[in-house]
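*Asks:* My questions will all concern the structure given below.
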Amino acid sequence: MTVDPELFRSITLHDMTMPGGWSVSSGQVYLYTKEEQRLMHEARAFAQQEILPKSAEAHRRVKEIKAKHEAGPERRARLREIAKEYLKLIGEAGLTGALFPEAYGGNGRGVVAECLIDEELAAAGHPGDTIRSVSLTLGTVSILRYGTEAQKRRHIPPRLRGEELAALAITEPQIGSDTSGMQTRAVLKGDRWVINGQKRFITGGGLADYLTLFAITDGGVHPHKGMSTFIVPMDHPGVRIRRQLDEVIMADWMDNAWIEFHDVDIPRDSLLGPLNGGHHVLMDELDTERVTYCMAALGSARRALEIAAEYATKRVQFKQPIAMFEGVSFKLAEMYAALDAARQVTYRTAKMIEAGLPAQRESAVTKLVVAENVWKIVDHAM
């Protein structure tokens, strides 16, 4: 008796042939303007054609680099190369500058445009995309909003071109992200600031050229009134990467670091924004960070939904696709509803931020709703 092996073959990713974004209905993007819908389709086409085909290989390269090289300068140099290649690719396509005006190399499309681009890039799944969002949103938006003209011209253009990487340094070993307990200190000695302390769980910190760092500059008041922001070069001899925190991220992601600062002296003009105004700088950055990260998470969840839904139509049991069984179809419906709701709340908050409206509460709501919905989608998809 001859048996057709195709009858017993597992369904794999190679069988997934539907184009990325097929699950996004006209109803999900009904509130988008025509220009926003055009940008969404342009970004999706680029991401699916130019990035998605390279993503799996990029993940393999990251895994191989981490397996072959111990944490240190050689490994960081190789990972930086992957991140910069990615940033250069999307920068040349005009997908890195939505948050930044043309005067500094951006295109000034705004927060909503950045969110739309974030979703499509995240759905393509390149490991370098985490570094993109860290470097350009977390590490650079504060320079745009609070930096001097010299700081803006020095740092923003090369970052948009992928020539300079940045990260945000808030979290500390003893207090996490609770800035009211921040222990890192910066003291002005003559015409130079001297920084001492530690920062931990700094995404992209080991690959960065500069950190946007928060430290206490007035210990006599509440930390929220005595905190300042600084642009700190990672090549300063007093900056030491204590450990690469590979255990907190997936092996094929890029970088997370524990960083120590020992008498790191930097020029007086490295202060970013007003003295003791760091908490305001931080909170202003957080609103933008939250909506852009939420939209990126939504893009990853969309990819999981699309794979799961297509798999369910091709995996046959009891002479019919498993999508026909209520136990599966109900989950797919719940995933779609969760994705739709997450998109609407994120779009609303992005519109508020772009309009210059206070949105701390709304961005926190968005973070909560999207995190829970994305987790549900990915869990059901698996």
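*Asks:* Name the residues of region 191-229 whose amide N is less than 17 Å from a point 7 angstrom out from the Cα of Arg243 along the C-beta direction?
*Replies:* Only 198-206 fall inside the zone, counting backbone N under 17 Å.
*Asks:* Say R0 is 35 Å: what FRET efficiency, to the nearest 0.05, do Met283 and Arg153 get from their beta-carbon distance?
*Replies:* With R0 = 35 Å, the Cβ-Cβ based efficiency is 0.85.
*Asks:* Report, to the nearest 10°, how far helix 278-314 tilts away from the longest principal axis of the Cα atoms in the chain, using its own Cα long axis and a range of 0 to 90°.
*Replies:* For 278-314 against the chain, the angle is about 10 degrees.
*Asks:* Additional query: Helix 326-354 versus the longest principal axis of the chain: what is the Cα-based angle in degrees, 0 to 90, to the nearest 10?
*Replies:* 30
*Asks:* So, one more: Based on the Kirkwood radius over alpha-carbon pairs, what value in µm²/s does the Stokes-Einstein equation return for the translational diffusion coefficient of region 123-207 at 4 °C and 1.567 mPa s?
*Replies:* Approximately 89 µm²/s, per Stokes-Einstein.
*Asks:* OK, next. With only alpha-carbon atoms in the gyration tensor, what are the semi-axes of the equivalent ellipsoid for region 64-211, in Å, largest first? Walk me through the intermediate numbers first.
*Replies:* On the way: eigenvalues 131, 94, 45 Å².
After diagonalising the Cα gyration tensor, the semi-axes are 26, 22, 15 Å.
*Asks:* Kirkwood Rh, the chain, all Cα pairs: how many Å?
*Replies:* For the chain, inverting the mean 1/r across all distinct Cα pairs yields 22.0 Å.
*Asks:* How many nm separate the modelled label positions at Ser180 and Ser10, each set 7 Å beyond the Cα in the direction of the Cβ?
*Replies:* 5.0
*Asks:* Something else: Roughly how many Å² is the accessible area per residue of region 180-305, as a whole number, for a 1.4 Å probe?
*Replies:* Spelled out: the 1.4 Å probe surface of region 180-305, per residue, equals 39 Å².
*Asks:* Ignoring ligands, DNA and RNA, what percent of the accessible area of the chain is carbon or sulfur (1.4 Å)?
*Replies:* Carbon-and-sulfur percentage of accessible area, whole number: 56.
*Asks:* Follow-up. Over 27 Å between Cα atoms: which of Lys84/Lys351; Lys152/Lys225; Lys66/Lys152; Lys66/Lys199; Lys54/Lys314 fall into that group?
*Replies:* Checking Cα-Cα distances, Lys84/Lys351; Lys66/Lys152 exceed 27 Å.
*Asks:* Now a separate question. Take the Cβ-Cβ distance between His236 and Ala323 as r, set R0 to 41 Å, and report the resulting FRET efficiency rounded to the nearest 0.05.
*Replies:* So, using R0 = 41 Å, E works out to roughly 0.15.
*Asks:* How far is it, in nm, from the label point at Arg315 to the one at Lys68 when both lie 7 Å from their Cα along the line to the Cβ?
*Replies:* Here the modelled spin labels are 3.5 nm apart.
*Asks:* Test of the criteria: in region 297-382, which trypsin sites (Lys or Arg not before Pro) are in a DSSP loop and have at most 15 other Cβ atoms within 10 angstrom of their Cβ?
*Replies:* Filter output for region 297-382: Arg315, Lys319.
*Asks:* Once you put a point 7 Å from the Cα of Asn107 and another 7 Å from the Cα of Asn196, both along the Cβ direction, what distance in nm separates them?
*Replies:* 4.8
*Asks:* Quick one: accessible surface of Asp209, probe radius 1.4 Å, all protein chains present, in square angstrom to the nearest 10.
*Replies:* Probe radius 1.4 Å; accessible area of Asp209 about 40 Å².
*Asks:* Here's another thing I want to ask about it. For region 334-377 and region 215-274, what is the centre-to-centre distance using only Cα atoms, to the nearest Å?
*Replies:* Centre-to-centre (Cα) distance: 29 Å.
*Asks:* Longest exposed-loop-site-free stretch of the chain, with chymotrypsin sites (Phe, Trp or Tyr not before Pro), DSSP loop and at most 12 other Cβ within 10 Å?
*Replies:* Of all site-free stretches, the longest is 31-317.
*Asks:* For a quick check, take a GNM of the chain with Cα springs below 10 Å and name the residue from Thr12, Thr96, Thr184 with the largest mean-square fluctuation.
*Replies:* Thr12
*Asks:* Contour minus end-to-end for Asp340 and Lys189, with contour as 0.36 nm per residue of separation and end-to-end as the Cα-Cα distance?
*Replies:* 49.0 nm
*Asks:* For region 265-353, what value does the Rg/Rh ratio take when both radii are computed over Cα atoms and Rh is the Kirkwood radius, given to two decimals?
*Replies:* Result: Rg/Rh = 1.32.
*Asks:* Report, to the nearest 10°, how far helix 73-92 tilts away from the longest principal axis of the Cα atoms in the chain, using its own Cα long axis and a range of 0 to 90°.
*Replies:* That works out to roughly 70 degrees.
*Asks:* A further question on this structure: Full-extension gain between Lys88 and Ala45, please, as 0.36 nm times their residue separation minus the C-alpha to C-alpha distance.
*Replies:* Gain in length upon complete extension: 13.7 nm.
*Asks:* How large is the translational diffusion coefficient of region 1-75 in µm² per second when you combine the Kirkwood radius over alpha carbon pairs with Stokes-Einstein at 20 °C and 1.002 mPa s?
*Replies:* The Stokes-Einstein estimate is 128 µm²/s.
*Asks:* In vacuum, with every alpha carbon of region 190-264 counted as one equal point scatterer, what does the Debye formula give for log10 I(q)/I(0) at q = 0.19, 0.22 Å⁻¹? Two decimals, please.
*Replies:* Each listed q corresponds, in turn, to -0.81, -1.00.
The values are calculated or read from the model by the stated rules, or taken from the named source; none is laboratory data. From a predicted model like this one, the values you see are computed outputs, not experimental measurements. No Cβ is skipped: glycine too gets one built from the backbone with ideal geometry, and neighbour counts run over all protein chains shown. Remember, those area values only see protein heavy atoms, side chains included, never the ligands or the DNA or RNA. Shrake-Rupley method; radii C 1.70, N 1.55, O 1.52, S 1.80 Å.
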